[in-house]
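Only one structure is covered here, and it is reproduced in the block below.
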Amino acid sequence: MHPVRLVGETVVLREFRIDDLDDAVAVVGDDRVTNWLSFDSRSRTETDAMIRGIIERSSATPRTEYYLAVALPADDHLVGFARLAPTGVKAGKLGYAIAADHWRRGYATDAVRTLVAFAFEALGLHRISAAIGPDNKASMAIVETLGFVREGQIRDHVFTNGAWRDSVLYSLLADEWERIGTDLPADSAT
């Protein structure tokens, strides 16, 4: 499925473009953001290579990931990303980040809600998981608001910022989303 464009309440999820480079560096090149992610901050050159790889993989058949830019409808500028990587049978792993200058505006919640709806309703997935650093309370609040269930903790799950870090594993099943997805308030949480 390409191209993908998903419209949320406050954000649009769209395919990455080469001209997203400066905005993407503000996300993946900022230690305030990557402190919470599973990788270290990236240079401009590394971010350019990342975007080119995302663009190339977006047209793969079958598609191996839905790595989408989170943009504001008014100007279409990237303020973050949301990623769904299909894994196993009808399952996917979720990841997301928003530029620090755009935190606390509900963009991450809307992006995740929109991508989860796409995963269950358009892709027919059965299960979505998210692995979150145990200190990332804001991200945990987002997935909990959207109905994800905490499953446990994965020890030494990722090596980032010079050390091993655990992750808290959350999941959401299609039948759970079916029950609660449409009842979620549009302006909920972070």
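The values are calculated or read from the model by the stated rules, or taken from the named source; none is laboratory data. Here the structure is a predicted model, which is why all the values come from computation and not from measurement. Ideal geometry is used to build each Cβ from the backbone, glycine not excepted, and the neighbour counts take in all protein chains shown. When the accessible area is computed, the model is the full protein with side chains, heavy atoms only, and any ligands, DNA or RNA have been set aside. Shrake-Rupley method; radii C 1.70, N 1.55, O 1.52, S 1.80 Å.
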Take the alpha carbon atoms of the stretch 107-130, find their center, do the same for the stretch 1-77, and report the distance between the two centers in whole angstrom.
16
Taking the highest mean first, how do the peptides 14-24, 115-125 order by number of other beta carbon atoms within 10 angstrom per residue?
115-125, 14-24
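By how many nm would the segment from Ile18 to Arg32 grow when fully extended, if each residue of separation counts as 0.36 nm and the alpha-carbon distance is taken off? The partial results should precede the final answer.
Working: separation 14, 0.36 × 14 = 5.04 nm, distance 2.37 nm.
Fully extending the segment from Ile18 to Arg32 adds 2.7 nm.
Explain nothing, just the number: dipole magnitude of the chain about its Cα centre with +1 on each Lys and Arg Cβ and -1 on each Asp and Glu Cβ, in debye rounded to the nearest 20.
Here the chain has a charge dipole of around 420 debye.
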Can you give the convex hull volume per residue for the Cα atoms of the stretch 42-131, as a whole number of Å³?
122
Answer in debye to the nearest 20: the dipole magnitude of the stretch 1-106 about its Cα centre, from +1 Lys/Arg and -1 Asp/Glu charges placed on Cβ, is 520
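From the mean inverse distance of alpha carbon pairs (Kirkwood) and the Cα radius of gyration, derive Rg over Rh for the chain. Mind dumping the intermediate values first?
On the way: Rg = 15.5 Å, Rh = 16.7 Å.
We get a ratio of 0.93 for the chain.
For the chain, report the accessible area per residue in Å² (1.4 Å probe, heavy atoms, rounded to an integer).
Values: 9420 Å² over 190 residues.
On a per-residue basis, 50 Å².
Per DSSP helix of 4 or more residues, -39500 (n - 2.57); summed, then divided by the residues of the chain. What does that give at 222 nm, rounded to the nearest 500? Before the final figure, lay out each step's value.
Values: 6 runs with 58 residues, N = 190.
Mean residue ellipticity at 222 nm (helix-derived): -9000 deg cm²/dmol.
Note the direction-averaged projected area, equal to a quarter of the hull surface, for the Cα convex hull of the stretch 77-174, in nm².
6.8
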